[in-house]
1. Using only the alpha carbons, work out the radius of gyration and Dmax of segment 77-138 in angstrom.
2. Roughly what percent of Cα-Cα pairs across segment 19-65 reach past 13 Å?
3. So what's the gap between the Cα centers of segment 1-77 and segment 152-188, to the nearest angstrom?
4. At 1.4 Å probe size, with every protein chain present, just tell me what the per residue accessible area of the chain comes to in Å².
5. For segment 20-121, what log10 I(q)/I(0) values come out of the Debye formula at q = 0.18, 0.20, 0.22 1/Å, with one point per alpha carbon and no solvent?
6. What distance in nm separates the two pseudo spin-label positions at Ser165 and Ile64, each 7 Å out from Cα along the beta-carbon direction?
7. Test of understanding: in a Gaussian network model of the chain with alpha carbons linked when under 10 Å, which of Leu45, Leu95, Leu59 would top the mean-square fluctuation ranking?
8. For the chain, what Kirkwood radius comes out of the mean inverse Cα-Cα distance, in Å?
Amino acid sequence: MAELRILCDLELPAETVRVWDGSSGPFIDAGGNLYRAAQFTDDALQSVETAINGEAFTLQLALINIPNAVGDSIWDYDEVASVVGSAFTLKIQQLDDFGQPVGEPEVKFTGTIDNMKVTDQASDENSQSMVTIDIVNAFTLRVMASGAVLSDVDQKARAQLLNPSSSLDRFCERIPSLRDKTIRWPNW
């Protein structure tokens, strides 16, 4: 029975960190890249599913059961060279019956890191860290913090920011004119 692997590439300022959702050893893809095992929370897996289906413009990943020393080193790294703005890629890799990669992985979500938090959880026996990463993509710019849709003026300004070489964005001007149009299907 074939399997699927969720692969994540975080292109940090000094290095690229590659993780996959699992709890066993490392995974080596067809290109020879080494992915470390990481456990995603259930909420993170739901966010990944939403991103893969094209329904999300933000993605929140939470990696759990990370040793406290690793969590501390991630925190220290973020203090020295901020990870905000670093590129993130989420891919799906198909595996054969022997757990070997079949073909190239499919890119399902790309974005940039917007925020990262490291929290520690202590119990009687040990201490574990949880790293939460907020990732946004280009569609995040179309929504305001209040959840409202951008106005015509805001849309034009954001479109100019995203693609300065293109002509003026007239999307919001054209939509009201479609109200009076009749749609004919098929029109041969």
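The values are calculated or read from the model by the stated rules, or taken from the named source; none is laboratory data. Because the structure is predicted, anything quoted here is derived from the model rather than measured. When we count neighbours, we look across all protein chains shown, and the Cβ atoms used for this are built from the backbone with ideal geometry, even at glycine. The area values use the complete protein model at the heavy-atom level, side chains included, leaving out ligands, DNA and RNA. Shrake-Rupley method; radii C 1.70, N 1.55, O 1.52, S 1.80 Å.
1. 16.6, 45
2. Cα-Cα pairs of segment 19-65 separated by over 13 Å account for 59 percent.
3. After rounding, the separation between the Cα centres reads 37 Å.
4. Each residue of the chain exposes 66 Å² on average to a 1.4 Å probe.
5. Here log10 of I(q) over I(0) equals -1.08, -1.29, -1.44.
6. Distance between label points: 4.6 nm.
7. Checking each option, the largest mean-square fluctuation is seen for Leu95.
8. About 19.3 Å for the chain.
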